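First comes the structure, then the notes that go with it.
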Amino acid sequence: MPKCIFVVDDDRVNVDLIKHTLQSNGYDVISAEDGEQALEVLKKKIPDLILLDVHMPKMDGYTFIMKKNSDPAIAAIPVIVLTAESKTEPLFKRHRIKAYLLKPVNTPDLLEKVRATVG
């Protein structure tokens, strides 16, 4: 059964590119446009990995991470952050983030980090 990757990002073009890349490499992909929507999706489906944008409307990635980590049912889901900010790595490590990718996302780097996290 293919691994399920959850892409949480408000940039539709970015989501479509990531979705295409992952699907063409054998992964199932679901998506949400912001942290609020993502938490609702997680009530119905538990993915193997979350790819999370930081700057989103309604609920940003930082708030989403705090809420996710406080819920025992979803706290263990690994997260890779997608960001344009290279100076936020210490914050990510503090919140158990597996890795981060700088935007624009480089396809080989994306696949490498996804495979290293979920196979």
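The values are calculated or read from the model by the stated rules, or taken from the named source; none is laboratory data. It should be emphasised that the depicted structure is a prediction, and the values quoted were computed from it without experimental measurement. In this analysis, Cβ positions are derived from the backbone assuming ideal geometry, glycine residues included, and neighbour counts consider all displayed protein chains.
Conditions tested, residue by residue: (1) aromatic (F, W, Y); (2) more than 16 Å from Y100 (Cβ to Cβ); (3) under 13 Å from the mean Cα position of the chain (by Cα).
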| residue | (1), (2), (3) |
| --- | --- |
| K45 | no, yes, no |
| D53 | no, no, yes |
| P57 | no, yes, no |
| Y62 | yes, no, yes |
| K68 | no, no, yes |
| V79 | no, no, yes |
inquiry  = Yes or no: the stretch 98-109 includes at least one residue that is at pLDDT 95 or above and polar (S, T, N, Q).
reply    = no
